[in-house]
Amino acid sequence: MLKKQKRRMTGEKKSIYTLVIRNSVRMAGLVLILAVLFVLIAWLVMPEKVEPSGIRKLIRQVDGMTDNDYASINVGKSLGKAGYFEITDSSAEVLYTSDLAHSNRYNKDLLQYLPVVDADVVYDLMPLENGKNDFSILVRHSGEAVTGITVLDDKGKILYSNIDLKSSQISSGTMNYLYYQMDGSSLFIQKYPFKNAEGERRYLLIHSNSSITGMANTRRMIIFVSTVLYIITLSALIILSGRHLSAKVVAPIRKLSDAIEKTAGGNWISLNEGEEPREMLELIRSFNDMEERLKASGEEQQKLLDQRRKMVADISHDLKTPITVISGYINAMRDGLIPENEKDRYLEIIQNKTELLSELINNLSDFGRMDHPGFRLNMERGDLCEYIREYMAARYSELEIGGFLVDTDLPEEQVFVSFDRRQMKRVFENIIGNSVKYCAPGTTIRVHARVVRNKRKRYFRIRIGDNGPGIPEEYRSSVFEPFVVGNESRTSGKGTGLGLSIAKQIVTLHGGSITLTRQPGTVFEILLPVIAI
């Protein structure tokens, strides 16, 4: 139930892929909104700065005239406080002026250089001094590009030109205008060519506070400022978006990296789950699981180290005791300290101690060999029920002579298990051998077996033991540890304390389990997987 809940919680978290996609879509939307917003702002600003409404109104009235009543044109103050307009013919003669205070005179030459409304062609005159003679350079601009150059002397005579100017001389009045781009009242002049009702060429000269050049500069300034503001705003959004994504992805990685460093230094730390993406959450959970396993493994390693230290001490004790007895009795017999009629009894004691010493060495050899990673069982498929029946039949006479009763309860059907016959016999020998060593005559040796199911698998359950006094409670948890013989002083001399440890190793290598039950006496339960027929 807890695993399902964890999976459900993980499923509710967003993956890194989803976060990146959402962040990208959000950024694309913001970029589009910002672009539209800045274009709208520039569009709203430009008509007021670049294209004065008075000029448009004036041009519409001129284009819509059916007669030559120029006095009827009404512009008001849209050209500015000092602004006015004039109408000239193709020879630059003024036919009408909206402000009688100005009596300008023009020549046909000047009309050629006046900028046309809504056109990007502008003429600029720049002085050039070389120390002896004064020259001027007339530059023609079309938008941002230079499309022609004319070199003039101080009298306005054309010395060089790649522009078709249709004359070889520029008047001083025209040059003065080209220097300043203004009329005598500091107003910019623009022209608008049109034809009157009779089809004759006329020019509308507009005097205002803004010019084509000024409008172009303002347009460029607005575009430049808008672009800079757009880039700054977009950069700020990218930084904020990056920090947001970093907080979701990079921060958990740093937290995990710090935790790994602390764990490597021996400091156990458990990471708390937060709002991390699904992949990072899985990494954090995997780290916590790994940390718990490492911690448990470290505790287990320490436990094994303590056991090995105890094992070495116990081995030394178990080897030393029989050797000391054998050596002492042999020296006593050699020195003639033992009466002749007692020698057989002492020799029997020496023989028993020698057998115990041999058993200890053999058990130590088997215990170490089975603990080696390269140890392999000789597995064969066979009827384990029949195998137990034959084993108990072979030991029946020996147990009966020793005064023990035998109680077997085995199923009649065949139970096929993959097992090592020699090692499985060792398991039964060690368990029944303990019953014989620690129980008095009259004790019943029991072997009951059944086929059971556990977690949808079939197991052969063997309960083997005795109805004797049982194992003291303080030793039940350590009964399968090496050198546990039923008392802490280890002076009983009845065994090596390795039998049950070896039995557990063998059963584990068979893929089974062995446990000490709570039944009266000492009864062990062995579970081995059954092979399907």
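The values are calculated or read from the model by the stated rules, or taken from the named source; none is laboratory data. Predicted model only: the values in this text are computed from it and were never measured. Using ideal geometry, Cβ is built from the backbone for each residue, glycine included, and neighbour counts are taken over all protein chains shown.
Taking Arg426 as meeting all but one of (1) surrounded by 14 or more Cβ atoms within 10 Å (Cβ to Cβ); (2) in contact with a strand residue (DSSP E or B) (Cβ under 8 Å, 6 or more places away or on another chain); (3) charged (D, E, K, R), write down the number of the exception.
(2)
On the basis of being at pLDDT 70 or above, over 30 Å from Arg345 (Cβ atoms) and not β-branched (Val, Ile, Thr), does Ser286 make the cut?
Considered against the rule, which asks whether it is at pLDDT 70 or above, over 30 Å from Arg345 (Cβ atoms) and not β-branched (Val, Ile, Thr), Ser286 comes out as yes.
Any residue at all in region 108-120 that is more than 60 Å from the chain's Cα centre (by Cα), in a strand (DSSP E or B) and surrounded by 14 or more Cβ atoms within 10 Å (Cβ to Cβ)?
Among the residues of region 108-120, at least one is more than 60 Å from the chain's Cα centre (by Cα), in a strand (DSSP E or B) and surrounded by 14 or more Cβ atoms within 10 Å (Cβ to Cβ), which makes the answer yes.
Determine whether Thr150 is assigned to a strand (DSSP E or B), without any contact (Cβ under 8 Å) to a residue 24 or more places away in the chain and of a type in the set (S, T, N, Q).
Details: assigned to a strand (DSSP E or B): yes; without any contact (Cβ under 8 Å) to a residue 24 or more places away in the chain: yes; of a type in the set (S, T, N, Q): yes.
So Thr150 fits the description; yes.
Could you check region 81-98 and list, in sequence order, the residues that are surrounded by fewer than 15 Cβ atoms within 10 Å (Cβ to Cβ) and either among the small types (Gly, Ala, Ser) or free of Cβ contacts under 8 Å to residues at least 40 places away in the same chain (or both)?
Residues satisfying the conditions are Lys81, Ser90, Ser91, Glu93.
Consider region 401-411. How many of its residues are modelled with pLDDT under 90 and either of a type in the set (S, T, N, Q) or out of contact with any helix residue (DSSP H, G or I) (no Cβ under 8 Å at 6 or more places or on another chain) (or both)?
Of the residues in that region, 1 qualify.
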